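A.B. asks: Here it is: the structure, laid out below.
Laboratory data are not the source of any read-out in this text; all were calculated from the coordinates shown. Keep in mind that this is a model prediction, so the values were computed, not measured. Here Cβ is always computed from backbone atoms with ideal geometry, including for glycine, and neighbour counts include all displayed protein chains.
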Amino acid sequence: MTDTTDAYAPSRQTTEGRVYNLTGGDWDEMLAQVAGADPLTEERLVLNMGPQHPSTHGVLRLVLELEGETVTDARVVVGYLHTGIEKNTEYRTWTQAVTFLTRADYLSPFFNETVYSMGVERLLGIEAPPRAQLIRVLMMEINRLSSHWVWLATGGMELGALTAMTNGFRARERCLDIFEMITGLRMNHAYVRPGGIAQDLPDGYDDAIRSWIKEMRTELTGVDKLLTGQTVWINRLKNVGWIGVEGCIALGITGPLLRAAGLPWDLRKTEPYLGYETFDFEVPTDDGGDCWSRFVVRVAEMWESLKIVEQVLDRLEPGPTMVDDPKIAWPAKLSLGPDGLGNSLAHVQKIMNSSMESLIHHFKLVTEGFRVPPGQVYQAVESPRGELGAHIVSDGGTRPYRVHFREPSFINLQGTATMSIGGMVADVIASVASIDPVMGGCDR
Amino acid sequence: MSSPTERPVSADSAPEQSAAEIQKSTVSEGPNDSPYGVERHGMFGVAGSGDTSGYGGLVREPWVPPAATPPYGSYFDELMANLGTAYSSLAQGVTKVVVDRGELTLHIAREHLIAIATILRNDPSLRFELCSSVSGVDYLGSTNRLHSVYQLVSMTYRRRLRLEVAVSVEDPHVPSVTALYPGADWQERETYDLFGIIYDGHPALTRIQMPDDWDGHPQRKDYPLGGIPVQYKGATIPPPDERRAYK
């Protein structure tokens with residue numbers, strides 16, 4: 001029984017003390033209390049949405065102030081998935097840090113790994129071999145598709161397009177199959193490492209990826225047939241969640257949101273890295289600045305990524321996948337067995353049976369790690385969500401002194417209020433879905 | 001490091017030697033700058049017992065990022081010249097210029113931060129429209145150990161620039177750039193949360209990653225990893241950095 005007048009958290013006195021009921025009270029009672037005598041003249045309502053809510057993309061919490069169905073204020077609360085990844089890297093070797101950072105934005109692990117590895121390589125003054133760089137591009141572009149598939153799947157589900165969800169996750173599953181074939185893992189790969197990549201591509205990768213490309217083309221055509229002309233989908237997205245180029249730049253918003261507002265800013269073109277300047281692909285843009293434009297831009301990006309993947313496959317030539325420097329390269333010669341990634345049997349036999357020096361070297365590099373000359377770098381790549389930056393500081397030791405990820409999810413979410421205020425409460429869902437935040441990356 | 005006198009070559013010297021090739025700038029001591037970091041011995045932080053790890057002889061020393069002198073190379077000279085034309089008291093505002101790994105870092109006195117950032121954003125010859133990232137670094141051991149680091153991007157000229165403002169733990173105040181770059185809002189909150197740098201003029205400087213009632217600033221170097229003793233069935237498990245010598 002309620003015995004207080006707090007409309008948002010009714011409480012009652014018990015023998016254990018006062019107990020608050022955070023699930024809310026009776027709707028009619030609450031409206032009567034909030035509005036006073038006349039619920040028709042005063043309809044201001046503060047609505048808490050999340051952090052556990054199926055349409056808030058994980059643990060995002062929104063506090064909305066509503067006037068009827070219209071949003072008059074929106075606050076975004078983050079931090080529910082803060083796991084101290086940046087702090088943890090300071091207590092691990094430079095190579096081990098990859099294992100943590102890959103888990104930050106768990107939908108785009110290869111981007112996390114690559115941006116960090118490229119930063120460490122710049123601190124070391126080395127460059128990964130050409131084959132390793134191509135494989136990084138390959139993995140990142142496949143990852144861009146898998147990430148965009150999840151955006152389409154979850155975004156579609158939140159707007160009631162359940163077939164978009166099932167189709168999206170089905171297509172994403174095929175991307176994960178490719179990841180599993182190459183790295184042994186579907187997520188959290190720790191495949192890209194300072195100096196190169198963990199291991200070379202397995203046999204039969206070319207056929208598998210080429211047939212995957214065909215499948216993706218079919219799936220993307222399916223999306224086009226299912227959603228592009230569909231009235232409900234168009235009406236839910238068009239003129240919803242608008243933010244212009246000026247707003248994006250002021251708020252630091254990058255990636256598909258900025259390109260959907262009309263600015264063709266893509267780091268792969270504007271500040272090319274890993275040889276992106278040599279690939280033939282377009283940067284899709286649109287000028288609507290609304291959720292619809294973001295849908296159009298992201299789907300077009302997936303087509304472009306497929307073009308890059310094909311070009312990588314055509315260019316791949318045999319060669320080393322790790323820098324030729326035994327002071328840096330991981331000694332263990334990893335290989336992919338039926339039970340996942342592990343030390344190759346030949347390497348274990350060598351260090352345990354025949355070469356004492358190899359054993360010492362292995363032990364020293366694996367326990368202590370390599371040293372990185374002091375200094376700091378900022379390395380940025382174009383992740384599926386925008387500019388993913390790694391600010392890495394070294395003090396000359398075997399562990400990072402500081403690693404900070406400039407996470408596009410974290411920064412883009414600042415646009416939620418701009419996109420939502422003045423719109424309908426149902427459009428908040430569409431707006432948040434169009435930002436495509438990943439809370440693992442946002443909170444780190 | 002650019003010369004052995006600047007930083008003695010340690011036992012495991014290979015990466016330090018390659019650093020000499022990377023480092024192209026001239027070395028000179030910046031004003032009011034004490035070395036970053038604290039001297040550490042060994043690998044695993046073991047003290048008071050014999051060294052059985054074999055790593056006891058390793059020494060990690062404080063370091064100083066070397067100040068660069070003109071010409072800086074790349075677009076940096078033009079940028080500095082344009083900034084000097086637009087801002088008359090640049091010599092007082094910029095305490096040190098560092099060019100390292102192809103990146104330009106300006107160490108800014110905090111009184112000049114807003115003025116310099118305003119010019120960097122608005123001046124037609126500079127146009128750093130995007131404040132890409134704001135974060136902190138704690139250089140434990142130096143006098144002004146808390147650094148607020150800004151990564152600026154000029155989309156017009158496709159240039160990047162890093163600003164650094166150093167403050168002490170006793171007086172951790174830095175003016176907020178949110179009025180210039182609204183996107184710095186959450187990032188300044190995060191830096192306040194994790195480092196305890198107070199951004200004056202920020203509209204709502206509250207914690208963002210840690211719970212609102214959290215004590216301390218976890219990314220500081222003297223804040224232990226984990227740090228929360230866990231009690232399990234009457235036995236207390238110490239924080240991870242005290243379980244093994246993660247130092």
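A.B. asks: Considering only the other residues whose Cβ falls under 15 Å of the Cβ of A:Gly247, what net charge follows from Lys and Arg at +1 and Asp and Glu at -1?
C.D. replies: Taking every other residue near A:Gly247 into account, the sum is -3.
A.B. asks: Explain nothing, just the number: relative contact order of chain A, from Cα pairs under 8 Å at least 6 residues apart, as a whole percent.
C.D. replies: Worked out over chain A, it gives 23 percent.
A.B. asks: What percent do you get for the relative contact order of segment A:199-296 when only Cα pairs under 8 Å and 6+ apart count?
C.D. replies: Taking the mean separation of contacting Cα pairs over the length of segment A:199-296, I get 29 percent.
A.B. asks: Okay, moving on. Across 5 Å bins from the origin, how do the percents of Cα pairs in segment A:204-360 run, short distances first?
C.D. replies: All Cα pairs considered, the percentages come to 1, 7, 11, 12, 13, 12, 10, 9, 8, 7, 4, 3, 2, 1, 0.
A.B. asks: OK, next. List, in the order given, every pair from A:Lys269/A:Lys333; A:Lys87/B:Lys233; A:Lys87/A:Lys364 whose Cα-Cα distance in the structure shown is over 32 Å.
C.D. replies: A:Lys269/A:Lys333
A.B. asks: Moving to a separate point now. Summing +1 for each Lys or Arg and -1 for each Asp or Glu, what net charge is found among the other residues whose Cβ lies under 14 Å from the Cβ of B:Thr85?
C.D. replies: Cβ neighbours under 14 Å give a net charge of -3.
A.B. asks: Still on this structure, please answer the following. I'd like the mean, over residues of A:250-260, of how many other protein chain beta carbons sit within 10 Å of each residue's own Cβ.
C.D. replies: Going residue by residue through A:250-260 and averaging, the value is 3.
A.B. asks: Less than 21 Å apart at the alpha-carbon level, and either on another chain or at least 8 residues along: which lysines does that give for B:Lys96?
C.D. replies: Counting by Cα, and skipping residues close in sequence, B:Lys96 has these lysines nearby: B:Lys24.
A.B. asks: Could you tell me the ratio Rg/Rh of segment B:86-218? Both radii from Cα atoms, Rh via Kirkwood.
C.D. replies: For segment B:86-218, the value is 0.96.
A.B. asks: Out of A:Asp206, A:Asp266, A:Asp325, any idea which swings most in a Gaussian network model of chain A, alpha carbons joined below 10 Å?
C.D. replies: A:Asp325
A.B. asks: I've got another one for you. Say we join alpha carbon atoms closer than 10 Å with springs in a Gaussian network model of chain A; which of A:Gly375, A:Gly195, A:Gly229 then has the biggest fluctuation?
C.D. replies: Highest fluctuation of the listed residues: A:Gly229.
A.B. asks: For segment B:79-162, what is the Kirkwood hydrodynamic radius in Å, using each pair of distinct C-alpha atoms?
C.D. replies: 13.4
A.B. asks: Additional query: Order these peptides, A:306-312, B:192-198, by their mean beta-carbon neighbour count within 10 angstrom, highest first.
C.D. replies: Order by mean packing, descending: B:192-198, A:306-312.
A.B. asks: How large are Rg and Dmax for segment A:341-396 when calculated on the C-alpha trace, in angstrom?
C.D. replies: 17.9, 50
A.B. asks: Here is a follow-up. Let me confirm one metric for peptide A:89-96, namely the mean number of other chain beta-carbon atoms within 10 Å of its residues' beta-carbons.
C.D. replies: 2
A.B. asks: Of the residues A:Arg92, A:Arg298, A:Arg18, which exhibits the maximal mean-square fluctuation in a Gaussian network model of chain A defined by a 10 Å Cα contact cut-off?
C.D. replies: A:Arg18
A.B. asks: Consider all pairwise Cα distances in chain A and report the whole-number % of them above 31 Å.
C.D. replies: 46
A.B. asks: Let me ask another. So, counting K/R as plus one and D/E as minus one, what does the shell of residues with Cβ under 12 Å around A:Gly289 add up to?
C.D. replies: With Lys, Arg at +1 and Asp, Glu at -1, the neighbours total -1.
A.B. asks: In the calculated pair distance distribution of segment A:263-354, what percentage of Cα-Cα distances lie above 21 Å?
C.D. replies: 59
A.B. asks: For peptide B:91-103, compute the average count of partner chain beta-carbon atoms within 10 Å of each residue's beta-carbon.
C.D. replies: Counting Cβ atoms of other protein chains within 10 Å of each residue's Cβ and averaging gives 2.
A.B. asks: While we're on this one: How big is D for segment A:72-172, in µm² s⁻¹ as a whole number, if Stokes-Einstein is applied with the Kirkwood radius of its Cα pairs at 20 °C and 1.002 mPa s?
C.D. replies: It diffuses with D of about 134 µm²/s by this estimate.
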